[in-house]
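Notes follow once the structure below has been shown.
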Amino acid sequence: DSPHDLTPWLAGLIVEEAYRRSGVGTALVRAVEDHAASAGVGKLYLYTWQARGFYEALGWSAAETFEQDGAPMLLMSRKL
């Protein structure tokens, strides 16, 4: 359950460790962003904590920190 009533979301993006730092994650994020933009989406949202720097480097902005199930979480967004 999401504590935020926002949509649409980039969710469930995990790159296997052996493929990290090879551009796979960036390519996947850009493909989702391009598809969303072509469908008329103006803004995407995601939750992360550990990958904040990765998403910030791709132009995503931190919107709000909060706690979910006792763990820190970060809401991020990207205007398309």
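Values quoted throughout were computed directly from the atomic coordinates according to the rules given, and no laboratory measurement underlies them. Note that the coordinates shown come from a computational prediction; the quantities given were computed from them, not determined experimentally. So basically every Cβ, Gly included, is an ideal-geometry build from the backbone, and we count neighbours across all protein chains shown.
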Every pair of residues 6+ apart whose Cβ atoms lie under 8 Å, when the first sits in the range 53-64 and is under 10 Å from Ser77 (Cα atoms) while the second is surrounded by 13 or more Cβ atoms within 10 Å (Cβ to Cβ) and hydroxyl-bearing (Ser, Thr, Tyr): Tyr55/Thr48; Trp60/Ser77; Ser61/Ser77; Ala63/Tyr45; Ala63/Ser77
Number of positions in the range 36-60 that are surrounded by 11 or more Cβ atoms within 10 Å (Cβ to Cβ), of a type outside the set (D, E, K, R) and not in a loop (DSSP other than H, G, I, E, B): 9
In the range 12-26, residue nearest to Ala39 (Cα to Cα) [restricted to those that are surrounded by fewer than 12 Cβ atoms within 10 Å (Cβ to Cβ) and under 13 Å from the mean Cα position of the chain (by Cα)]: Gly12
